[in-house]
Amino acid sequence: MTTMETTTARYSWGGDEHIFVEIDEAMSLQAHFRAMAITTSLQQQRPDGILEICPANASYQVRYNPDVLEPRTLLAQLKDIEKQVGDASDFSLSTRVLEIPVLYEDPWTTESAWRFRSHHQKSDVTDIQYAAQINGFANTEEFIEAHSRSPWFTSMVGFVTGLPFMFQMVPHERQLVVPKYLSPRPSDTPKQTVGHGGSFGCIYSVRGGGGYQMFGITPSPIYDPSQSMPDFDESVVYFRPGYIVKFIPIDRDQYDDYVNEVEAGNYRIKAREIDFSLQPYLDDPDGFNARLLEVLHDG
Amino acid sequence: MTVELRTAGLSTTIQDSGRSGYYNVGIPPSGALDQYSLTAANYLVGNPADAAVLECAYMGPELHFTESTVVAVTGADMPPRLNGEPRPQWESFPVSSGDVLDFGFITAGARAYVGVVGGIDVPEALGSRSTYATAGLGGLDGRPLAAGDVLPIGQSRSAIAGRTVPEDLRPKFSKDLEVRVVMGLYDHVLTPDGRKTFLDTIWTLTPVADRTGFRYTGGKLELIERTPPFGAGQDPSNIVDAPYPIGSIQVPGGVEPILLHRDAVSGGGYMMVGTVISVDLDVVGQSAPNTRTQFVEVSLDEALDARRAYRKRIQRLAESCS
């Protein structure tokens with residue numbers, strides 16, 4: 001069994017309106033879960049003057065109005081919450097497990113990748129071929145199998161609107177690690193590109209620049225400023241920190257079918273509400289994941 | 001009533017005081033980069049401080065009015081002209097139906113603000129009319145304005161021309177800036193020399209200077225030797241992707257600092273070494289490429305003092321316009 005180790009968080013002022021808190025220098029689900037537990041508790045207490053509460057991978061940030069909330073009072077409150085939360089082993093997160101269909105090695109991200117090859121480590125292979133090679137896989141099929149077999153935990157939403165950063169729910173030694181592009185692509189990362197940088201997966205919510213490797217594309221919209229699609233009744237963004245994602249490899253025909261559903265306005269991401277605690281996962285990751293994913297197929 | 005854009009200028013957007021509560025999902029505050037000039041433009045025409053105005057970067061638009069009203073132009077020195085005749089800045093003046101307001105060349109600052117009685121009345125998106133073009137949110141269809149756009153103007157009972165901001169309450173724009181910074185965040189990744197270089201260098205603002213961020217050139221910062229923590233990436237300046245404060249300064253690879261403004265990317269994997277104090281974001285928002293900028297370290301208490309002084313100035317602005 002993996003035990004939880006807790007380090008003491010590091011606090012920093014971010015000018016006069018932010019407090020930045022690094023739970024741990026290195027990424028781990030344990031560090032992330034503490035950030036989630038602390039920000040959830042702060043959200044419940046929510047003192048007057050709080051403007052933004054932003055949980056992230058292994059850190060979090062609070063933006064506040066210092067005319068209303070004295071910075072050192074807030075700092076003391078955050079440190080109190082850190083103590084109360086401890087290792088967050090009794091924290092349970094109400095969240096979602098969901099499926100994201102992915103057309104791996106799609107024509108659009110492949111085209112963009114070739115166009116920006118001078119920004120990349122390798123001139124003669126695609127992003128996913130490169131990722132497969134440096135992670136010790138014989139071919140891209142094996143890489144895709146590893147990428148899509150175990151679910152991913154959304155540990156931060158941001159960079160741009162609604163973009164999820166995801167950390168795969170596998171032991172450390174099975175994490176897929178791929179460097180970011182040597183220099184970011186200035187443009188033309190297609191919308192809904194499934195990307196990867198360091199140990200994080202992501203889904204680009206809007207078309208634009210980006211530095212992550214591009215593995216494929218999903219037909220699932222994750223940002224809808226017009227809120228016209230059924231998944232966006234309550235919010236313009238789909239993702240929240242804590243959502244657990246299972247990638248489902250699809251072929252071009254399935255991709256086109258989903259796109260037609262999106263265009264007809266009746267596409268929905270397949271998702272189920274769940275409560276998630278970290279310790280049962282840490283005790284038996286693969287067994288836990290198998291039970292977790294069964295939830296998606298009940299009913 | 002409406003205002004029509006005959007030409008759009010270089011980059012004209014609808015902005016107000018911005019939105020809050022969505023940075024956790026990557027939606028930044030947006031709003032006028034120079035909030036003081038926004039407030040002044042609104043007070044001059046009798047609007048609430050946070051009504052929506054036009055933010056006009058570097059080159060102004062040509063505006064055609066369909067009804068009589070009162071307008072005010074603040075911010076960068078960009079001389080307004082009504083039907084070709086000069087009009088003052090920092091002073092409200094009347095326009096009549098059929099009038100055309102345009103602008104001469106910008107001579108100082110970077111962004112002018114045009115306030116209209118009643119405010120620009122596009123629908124609110126997530127609690128604000130501010131344009132966040134990266135995600136196509138707010139403003140008019142979520143984008144910078146284009147020639148031919150017709151802007152709805154809100155209803156207002158009174159229209160008062162001839163209000164003026166006293167000389168001592170108008171900002172002075174300079175090509176040599178001192179910008180106050182609270183150091184911290186990941187500044188421990190800099191060596192003592194690297195930290196000193198950051199604060200001693202006169203940085204030059206590059207042409208990469210927009211609502212998202214301002215990129216500077218002028219030196220290379222020495223980083224400590226370290227093994228990057230798991231998940232951070234290979235470059236010594238990489239961190240595990242973390243939230244970026246508004247006003248934070250990141251230094252990818254130890255060169256070319258990037259200062260994030262009100263359309264900030266909400267997080268990422270480059271070490272930030274400090275954060276510009278909130279009141280100096282206005283000053284940064286008015287800096288044009290080639291502006292020489294020195295970052296001056298201040299304490300939190302000095303930042304809070306500066307904030308109090310700014311609030312007093314806003315109060316005097318309100319009194320002078322009432």
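The values are calculated or read from the model by the stated rules, or taken from the named source; none is laboratory data. All of these numbers come straight from a predicted model, not from anything done at the bench. Note: ideal-geometry Cβ built from the backbone for every residue, glycine included; neighbour counts use all protein chains shown. Ligands, DNA and RNA are excluded from the accessible area calculation, which covers all protein heavy atoms including side chains. Shrake-Rupley method; radii C 1.70, N 1.55, O 1.52, S 1.80 Å.
For the range A:225-253, which positions are part of a loop (DSSP other than H, G, I, E, B) and either within 18 Å of A:THR154 (Cβ to Cβ) or of a type in the set (A, V, I, L, M, F, W, C) (or both)?
Residues satisfying the conditions are A:MET229, A:GLU234, A:SER235, A:VAL236, A:TYR238, A:PHE239, A:ARG240, A:PRO241, A:GLY242, A:TYR243, A:ILE250.
From the list B:ASP141, B:ASP200, pick out the single residue that is in the same structural domain as B:THR66 (by TED's automatic domain parsing) and open to solvent by 20 Å² or more (accessible area, probe 1.4 Å).
B:ASP141
What number of residues in the range B:37-77 are part of a helix (DSSP H, G or I) and open to solvent by 10 Å² or more (accessible area, probe 1.4 Å)?
So the answer is 2.
Please work out which residue is nearest to B:GLN294 (Cα to Cα), limiting yourself to the range B:155-169 and to residues that are modelled with pLDDT of 95 or more and out of contact with any helix residue (DSSP H, G or I) (no Cβ under 8 Å at 6 or more places or on another chain).
B:ASP168
Considering only residues that are β-branched (Val, Ile, Thr) and either closer than 20 Å to B:SER156 by Cβ or outside any loop (DSSP other than H, G, I, E, B) (or both), which ones fall in the range B:21-36?
Within the range B:21-36, just B:VAL25 meets the criteria.
For B:ASP34, are the conditions met, namely being open to solvent by less than 40 Å² (accessible area, probe 1.4 Å), of a type in the set (D, E, K, R) and in contact with a helix residue (DSSP H, G or I) (Cβ under 8 Å, 6 or more places away or on another chain)?
yes
Say whether the condition of being in contact with a helix residue (DSSP H, G or I) (Cβ under 7 Å, 6 or more places away or on another chain) and in a loop (DSSP other than H, G, I, E, B) is met by at least one residue in the range A:69-85.
no
Say we look at the range A:134-182 and pick out the residues that are in a helix (DSSP H, G or I) and within 14 Å of chain B (Cβ to nearest Cβ); which of these is surrounded by the fewest Cβ atoms within 10 Å (Cβ to Cβ)?
If we take residues in the range A:134-182 being in a helix (DSSP H, G or I) and within 14 Å of chain B (Cβ to nearest Cβ), then A:GLU173 is surrounded by the fewest Cβ atoms within 10 Å (Cβ to Cβ).
Step by step: first the residues of the range B:127-138, then only those that are part of a helix (DSSP H, G or I) and at the interface with another protein chain (Cβ under 8 Å from one of its Cβ atoms), then the one that is least open to solvent (accessible area, probe 1.4 Å). Which residue is that?
Only one residue tops the list, namely B:ALA135.
Just for the range B:1-31: of the residues that are buried (at least 22 other Cβ atoms within 10 Å of the Cβ) and among the hydrophobic types (A, V, I, L, M, F, W, C), which one is farthest from B:VAL122 (Cα to Cα)?
Filtering first and then ranking leaves B:VAL25.
Any residue that is among the charged types (D, E, K, R), outside the structural domain of A:PHE239 (by TED's automatic domain parsing), open to solvent by less than 10 Å² (accessible area, probe 1.4 Å) and assigned to a loop (DSSP other than H, G, I, E, B) - is there at least one of those in the range A:20-36?
Taking every residue of the range A:20-36 in turn, none turns out to be among the charged types (D, E, K, R), outside the structural domain of A:PHE239 (by TED's automatic domain parsing), open to solvent by less than 10 Å² (accessible area, probe 1.4 Å) and assigned to a loop (DSSP other than H, G, I, E, B).
What is the one condition in (1) open to solvent by less than 60 Å² (accessible area, probe 1.4 Å); (2) away from every other protein chain (no Cβ under 14 Å) that B:VAL181 does not satisfy?
That leaves (2) as the condition not met.
Given the options A:ARG10, A:ARG63, name the one that is modelled with pLDDT of 95 or more, surrounded by 19 or more Cβ atoms within 10 Å (Cβ to Cβ), in contact with a strand residue (DSSP E or B) (Cβ under 9 Å, 6 or more places away or on another chain) and of a type in the set (D, E, K, R).
The unique qualifying residue is A:ARG63.
Restricting to strands (runs of 3 or more DSSP E) lying wholly in the range B:185-272: which have 2 or more residues that are within 14 Å of another protein chain (Cβ to nearest Cβ), within 18 Å of A:GLY197 (Cβ to Cβ) and not basic (Lys, Arg)?
B:238-243, B:267-270
Looking at (1) in contact (Cβ under 8 Å) with a residue 12 or more places away in the chain; (2) over 20 Å from B:VAL296 (Cβ atoms), which is the only condition B:PRO257 fails?
Condition (2) is where B:PRO257 drops out.
Based on this model, can you work out whether B:ALA147 counts as of a type in the set (A, V, I, L, M, F, W, C) and within 14 Å of chain A (Cβ to nearest Cβ)?
Answer is no for this residue.
Consider B:ALA147 against the criteria (1) small (Gly, Ala, Ser); (2) open to solvent by 10 Å² or more (accessible area, probe 1.4 Å); (3) under 17 Å from the mean Cα position of the chain (by Cα): it satisfies all of them except one. Which criterion is unmet?
Among (1) small (Gly, Ala, Ser); (2) open to solvent by 10 Å² or more (accessible area, probe 1.4 Å); (3) under 17 Å from the mean Cα position of the chain (by Cα), B:ALA147 violates only (3).
Of the residues A:GLY242, A:GLY211, which is on the phi > 0 side of the Ramachandran plot, open to solvent by less than 70 Å² (accessible area, probe 1.4 Å), within 14 Å of chain B (Cβ to nearest Cβ) and in contact (Cβ under 8 Å) with a residue 12 or more places away in the chain?
A:GLY242
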